[in-house]
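In what follows, a single structure is set out as structure tokens and then discussed.
The values are calculated or read from the model by the stated rules, or taken from the named source; none is laboratory data. In this text the structure is predicted, and so the values were computed from the model without any measurement. All Cβ positions, glycine included, derive from the backbone under ideal geometry; neighbour counts span all protein chains shown. Each accessible area value is taken on the protein alone, full model and side chains, heavy atoms only, with ligands, DNA and RNA left out. Shrake-Rupley method; radii C 1.70, N 1.55, O 1.52, S 1.80 Å.
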Amino acid sequence: RLDSMSLSEGEVIDELLLRVDLIPASLALAQAANESAWGTSRFTVLGNNVFGQWCYESGCGIVPARRAPGAKHEVEVFDNVQKSVEAYFLNINTHDSYSFLRDLRGKMRKRNLKLDPMSLAIGLGRYSQRGDRYVDEIQRIIIQNNLRARDG
């Protein structure tokens, strides 16, 4: 999903390195807990979707009960939880909405710092319509559940 035609070889390599890096376990776990209502949401139970990921083709998922009039999105259905996790990693590592997270992560790497999930969470402001409140929720889940202990 990289437009390599307009970039030099070095720029392509730099961008790919930003996109193939880790996502701290604490951050992914906090998002999964939040998005799946701790594994109890109907999207998780019926569709194996632990990250609340949307799709935009009719029939691709489960229609949200409170979807706004005229909205077309559905909550994607996955064959299993592993497929949901794979789609989440692809989404975070490629979608333009999370380029700030990837930039932060790249800066941490260049400075030989451990990936800080609290800082990286700031790059998730566009993951949810709740914006900054969502970032606060993710950070709170990380702290309250000592999830940083899960980071390698």
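Points worth noting:
- Among the trypsin sites (Lys or Arg not before Pro) in region 36-96, those located in a DSSP loop and surrounded by at most 15 other Cβ atoms within 10 Å of their own Cβ are Arg66, Arg67, Lys72.
- FRET efficiency estimate (nearest 0.05) - Cβ-Cβ, Leu22 to Gln144, R0 22 angstrom: 0.45
- Within the shell defined by Cβ-Cβ distances under 10 Å, the residues around Phe51 carry a net charge of -2, with Lys and Arg each +1 and Asp and Glu each -1.
- The angle between the Cα long axis of helix 81-94 and the longest principal axis of the Cα atoms of the chain comes to about 50 degrees, rounded to the nearest 10.
- Share of carbon and sulfur in the accessible heavy-atom surface of the chain [1.4 Å probe, %]: 52
- Computed P(r) (all Cα pairs; region 15-93; 5 Å bins; percent): 3, 16, 24, 23, 16, 11, 5, 2, 0
- Of the Cα atoms belonging to the chain, the radius of gyration and Dmax stand at 16.3, 48 Å.
- Of Ser6, Cys55, Leu16, farthest towards positive along the dipole that unit charges on Lys, Arg, Asp, Glu beta carbons give region 1-75: Cys55
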